[in-house]
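The values are calculated or read from the model by the stated rules, or taken from the named source; none is laboratory data. Owing to the predicted nature of the structure, the values given are computational and were not obtained by experimental measurement. Here the Cβ positions follow ideal geometry from the backbone for every residue, glycine too, while neighbour counts run over all protein chains shown. Just so you know, the surface numbers come from the protein's heavy atoms only, side chains and all, with ligands and any DNA or RNA stripped out. Shrake-Rupley method; radii C 1.70, N 1.55, O 1.52, S 1.80 Å.
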Amino acid sequence: MLNYIKEKILKKRLFPLINKGFKMKNIIIIWCVVLSALAVIGFGIKYYTKPDTSVENILQITKNTKFHETQPEAIPNIIDFIPGQTDFVLNTGSVENIYKQFSITETSVFGNPVKNLDNIKTTLGFNPLVIEDLENTGIDTRGDAGFCFNGLKLDKNDEQVNLFLYLPVNDVQKVKKALFNLVKEEFSDIEVFSQKGFTVYSKPDRSKKLYLIEKGNYLFIGINPGTDALNYAEALALTEKRLSDKDEFKTVVSKLVLSKDMFIYADFKNIIENNLEAIGENLKRSLKPGSSDISKSMDYLKNIQSGGGSADFSGKDFNFKGMIEFASDSYASGLIKDLRFDKDILLGISDNPLLLASWAVHTPSYYNMVLDFMPAADSRDYKIFLEHSKAVYDIDFEKHVIDNFAGNINLGIYDGMSINMMNYNLLLTLTIKNEKLFHETAEKFILNAPPRIKSMVRTANIGDNKAWIVSVFGMVQIFITTRDNNLVLTASKPLMEKALAGDMSKGFIVNIEDKNLADRLASNSSLLYLNFGELDKALNNFSAITAMMNKGKSINTSKVLNKLDYLLSTAEIKGNGAEFGFYIKTMFDKPFFQGMLELDKDL
């Protein structure tokens, strides 16, 4: 969705208008670009911090456990003016606040000079990057601003969407006059008329229209003249059925800690239903030949009902919380139901972690889904593999392996100072239901394996545990054993010893001063945690290699990483939905995006 806004609405719709359409080299376009960029940049933080993160595994922040003291905001008043048939809303805090957060100066946005600024100022008669100029044009820079749309239709020839930008105004006539002058500059002939309570600027042949709707202290502007948004304009003008009264909207906001900085709502069900044909065509192109019918993929998509997100970045840290709601009887929700996370070994290591990750699925449902989507050729190969395992190794793969997997996978990398080309400090655990069954299955495999495979495996005792040591290429050794219904794998014997002797009551987690962080790491949820301090230590061990790859020039990563504390992403299942979040804690002495701008200059 956000990529669509960026690629299709901004690049294909709005930017061409600047040069062609209504010559919208004005505050309207500047603001829609800035507001949309807010969403894109907020989800694209990983570009600046450089970790490889997934927005699917993001931080779950509950109302009782917050990473910084931010009180929930009330639902923005503007929502009462938005009709129920709206498919998407992005609302931000005040214009003034956004200018501050994104370091908008008289000549630049987020450190990037604005091209053709002189032409823009000449056309408008003022500088839209200056707060005082906006105020003088009739815009209230202390009110919420954003955009909303419905009728999104993806078509291979021409996408359509009824898109309206809304701006807070303190003198609506001044704003309308500025818009009129801009439209008139494009068309020598322009008609202005009222229609069902709103103003329309139109070409005489009615081929292009600009709708202006006054609601309270806001002006809604239909900025997509290629699409006649009359029906949506009428709904905005009348607002007989409000978005705030819609059950799907109520569900979303009830699960979010709203922030004044940014709020997003999306009716995924309606968007998907309106674009089933286009989505199906894209799926056909992406699937391998012989893959299962795309109807199965479409069934999964149809189960997505609604979603939303709220971001807070006025302080030094970035905090995003989001959620997705599924249909109550959906198969998709079956993949993530009744999940149990066992992080005792992961969190029981005494060394500080550089990276932690935990993920879980409902194994039977997930396995069936994989089989459903498996291409016909792969399915035949898989059946041959199952038969081979049974005939050669006496192993029923589905019964002895798949059914024995309890669904949770954990990964940890520890002690960045000691990481080098030969030592990875890598720990991997997988929850299993029956340790005895796993040992029996492993022994069967080794007993019947070809000589080359057998030569790679030997056994040894590590403490009271029997372990398998697998040599890979004669250089890397993988240590494998079990503990407390967990299959444990490490890349070194010392780390295996720590894993087997580890205890959460004595692990690194008890020394974390941020108790909210400790609670989130130990919670029954998926997670991705990156400690920038440990990452810096590890990267310093490879400084000679990175300098060699950078033509002899050293890279001072410490200058950047020392200003960042950690990144944390978690996801948690609640009811029929998934709640997720994304949090970056920093040591900045300024608002988050301003701090990130400085880091970008230091890279």
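In this structure, LEU539 and ASP403 have a Cβ-Cβ separation that, at R0 = 51 Å, corresponds to a calculated FRET efficiency of about 0.75. The residues neighbouring ILE271, those whose beta-carbon lies less than 11 Å from its own, together hold a net charge of -1 under the Lys/Arg +1, Asp/Glu -1 convention. Using the 1.4 Å probe convention, the accessible area of region 479-603 works out to 45 Å² per residue with neighbouring protein chains retained. The calculated FRET efficiency for the pair LYS574 and LYS184, based on their C-beta separation and a Förster distance of 41 Å, comes to about 0.15.
Taking a ≥ b ≥ c as the square roots of the Cα gyration tensor eigenvalues, region 349-428 comes out prolate, since a/c reaches at least 1.5 and a/b is larger than b/c. The 3J(HN,Hα) values that the Karplus relation (6.51, -1.76, 1.60; θ = phi - 60°) gives for region 487-492 are, in residue order, 7, 10, 10, 9, 9, 7 Hz. Gly and Pro appear as x. Note on surface exposure: LYS574, LYS436 rank LYS436, LYS574 by accessible area, highest first, 1.4 Å probe. Surface composition of region 373-487: carbon and sulfur atoms hold 61% of the protein heavy-atom accessible area at a 1.4 Å probe.
Over all other residues within a Cβ to Cβ distance under 10 Å of TRP468, the charged ones net out to +1, with Lys and Arg as +1 and Asp and Glu as -1.
When a 1.4 Å probe is rolled over the protein heavy atoms, the share of accessible surface on region 164-212 that falls to carbon and sulfur comes to 45 percent.
For GLY502, neighbours were defined as the other residues whose beta-carbon sits under 15 Å from its Cβ, and their charges (Lys and Arg +1, Asp and Glu -1) total -3. Sequence-ordered 3J(HN,Hα) estimates for region 437-450 from the Karplus curve with 6.51, -1.76 and 1.60 and θ = phi - 60° stand at 4, 4, 4, 5, 5, 5, 5, 4, 5, 5, 4, 9, 6, x Hz, glycine and proline given as x. If you sort TRP359, TRP468 by accessible surface, 1.4 Å probe, largest first, the order is TRP359, TRP468. Sorting VAL161, VAL370 on solvent-accessible area from highest to lowest, probe radius 1.4 Å, gives VAL370, VAL161.
The separation of region 326-378 from region 414-430, counted between C-alpha centres, amounts to 24 Å. Over all distinct Cα-Cα pairs of region 411-530, the Kirkwood formula returns a hydrodynamic radius of 16.1 Å.
Per residue, the accessible area of region 354-411 comes to 52 Å², computed with a 1.4 Å probe over protein heavy atoms only. Protection proxy ranking of 111-121, 195-205, by the mean of other Cβ atoms within 10 Å over each peptide's residues and highest first, is 195-205, 111-121. For the pair region 100-126 / region 464-501, the C-alpha centres are spaced 58 Å from each other. At the residue level, PHE385 shows approximately 80 square angstrom of accessible surface with a 1.4 angstrom probe and all protein chains present. The mean of 1/r over all distinct Cα pairs in region 160-225, once inverted, gives the Kirkwood hydrodynamic radius of 12.2 Å.
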